[in-house]
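Asker: For reference, the structure I am asking about is given below.
Computed from the coordinates by the stated procedures, all read-outs in this text should not be read as laboratory data. This one's a predicted model, so the numbers in the text were calculated from it and none came from an experiment. With ideal geometry, Cβ positions are generated from the backbone for all residues, glycine too; neighbour counts draw on all protein chains shown.
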Amino acid sequence: MHDIRECEATVRKMWAYLDGVCDPAEHERVAAHLRVCIACAGHFAFAAELLRAVAKAPVFSHVEPELRTRVLGALAAQGFHAPANVRPSEAP
Ligand SMILES: [Zn+2]
C-alpha cells in the first residue's frame, strides 16, 4: 500500500506528465511512483490510451458555426481557452 498523498500528487500531474510538460524533477517523481504503484499505473495507462484514441478519432468536418460559438463561449466562461488554431468565428 502506498501513501495516498503520493498517489494524489501523482494523479494531479497525470495530464502534464502525459503531455510531456512536467519539469524533469516532477517527471522523474511521477515515473518513480508509477514503477511501484499498480493503481496509479493503471490510471495512467487508461489515460494514455484515451489520448491515443482521441488523437486517432476523425475530425468533424462540419460543425454548425452557432454551436461552435456557443461551445467555445461556454468553455471560455469556465476558464478554458481554445487552441490558437480554433477560433469561434472559424467557418467549417
Ligand atoms: Zn499511486
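Asker: Which order do L18, L34, L50 fall in if you start with the one that has the fewest other Cβ atoms within 10 Å? Mind dumping the intermediate values first?
Answerer: Numbers: L18 15, L34 18, L50 11.
Result, fewest neighbours first: L50, L18, L34.
Asker: Please compute the Cα-Cα pair-distance distribution of the chain with 10 Å bins starting at 0, giving whole percents from short to long.
Answerer: Per 10 Å bin, starting at 0, the Cα pair percentages come out as 14, 32, 27, 20, 7, 0.
Asker: Treating the angle as unsigned and between 0 and 90°, give the value, to the nearest 10°, between the Cα long axis of helix 38-56 and the longest Cα principal axis of the chain.
Answerer: With both axes taken from Cα atoms, the answer is about 20 degrees.
Asker: Report the calculated FRET efficiency for L67 and E8 (r = Cβ-Cβ distance, R0 = 30 Å), to the nearest 0.05. Don't jump to the answer; show the numbers that get you there.
Answerer: Values: r = 36 Å, r/R0 = 1.21.
It comes out at approximately 0.25.
Asker: Viscosity 1.002 mPa s, temperature 20 °C: give me the Stokes-Einstein translational D for segment 4-56 in µm²/s, with Rh taken as the Kirkwood radius over C-alpha pairs. Spell out each step's value before the answer.
Answerer: Numbers: Rh = 11.2 Å.
D = 192 µm²/s.
Asker: Next up: Under a point spin-label approximation (7 Å from Cα along Cα-to-Cβ), what is the H43-A77 distance to one decimal in nm?
Answerer: So the label points at H43 and A77 sit 3.0 nm apart.
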